[in-house]
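In what follows, a structure is listed as structure tokens, so that the remarks can point back to it.
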Amino acid sequence: ALNALLSDKKLRESVQPICLLGPHFKHDDIVESLLASFTKSKIVRNCYSVLELPHVCDIAIGAPGLSHAERLYAGIPTVLVPQNAKHLALCMGWQNEGCALYAKPEPKHIASQINALIANQFEPARAISMRGQSVIDGKGASRILSELTMRGRTI
């Protein structure tokens, strides 16, 4: 993701990356050296949840999964990059749902999708943010309970 930002002059000059590193991340030195190319950047270490993020993020690059659900709930539009074959289907599904943009795991394609996300003064990003918050609204457990209750099942 950082190589994608560095490969595009416009993004390299305008983006201020915030890298969230989980407690088991082992490549801090690589991230730090890549971030040195940006005028402003931050690293948040031992990050367990996007919802705990102490900074405002306008957009994100990430993989599908729980973190993506957290980004949707927080209204952070995301370019999803698959890390394996199963992720590809998830990324495409979220894109088809209007809740992300899919990017091949190639720096030029990731940069292209970031540029698409922020085009027209962030118009696509705002649309993904609003759609994501309507899909991930925090009421899933209530809907499941209601469905089970309507079917006469008990928990």
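In the list Lys10, Lys26, Lys40, which residue meets the criterion of being closer than 22 Å to Leu66 by Cβ and either open to solvent by 80 Å² or more (accessible area, probe 1.4 Å) or in contact (Cβ under 8 Å) with a residue 40 or more places away in the chain (or both)? Break it down into steps so the answer makes sense when it comes.
Details: Lys10 fails: closer than 22 Å to Leu66 by Cβ; Lys40 fails: closer than 22 Å to Leu66 by Cβ.
Within the list Lys10, Lys26, Lys40, the selection yields Lys26.
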Query raised in the report: Quick one: in region 46-60, which of the residues that are out of contact with any Leu (no Cβ under 8 Å at 6 or more places or on another chain) and farther than 10 Å from Ile76 by Cα is most open to solvent (accessible area, probe 1.4 Å)?
Result: Tyr48
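Is it the case, given these coordinates, that Leu72 is open to solvent by 40 Å² or more (accessible area, probe 1.4 Å) and farther than 20 Å from Val15 by Cα?
Values: open to solvent by 40 Å² or more (accessible area, probe 1.4 Å): no; farther than 20 Å from Val15 by Cα: yes.
Answer is no for this residue.
Conditions (1) open to solvent by 40 Å² or more (accessible area, probe 1.4 Å); (2) modelled with pLDDT of 95 or more; (3) touching a Leu at 6+ places or on another chain (Cβ under 9 Å), marked per residue:
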position: Ala103; (1), (2), (3): no, yes, yes
position: Ile114; (1), (2), (3): no, yes, yes
position: Arg131; (1), (2), (3): yes, yes, yes
position: Gly138; (1), (2), (3): yes, no, no
position: Leu148; (1), (2), (3): yes, no, no
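The values are calculated or read from the model by the stated rules, or taken from the named source; none is laboratory data. Just so you know, these numbers come straight off a predicted model, no measurement behind them. Methodologically, a virtual Cβ is constructed for each residue, glycine included, from the backbone with ideal geometry; neighbour enumeration extends over all protein chains shown. Please note that ligands, DNA and RNA were not included when accessible areas were found on the heavy atoms of the full protein model with its side chains. Shrake-Rupley method; radii C 1.70, N 1.55, O 1.52, S 1.80 Å.
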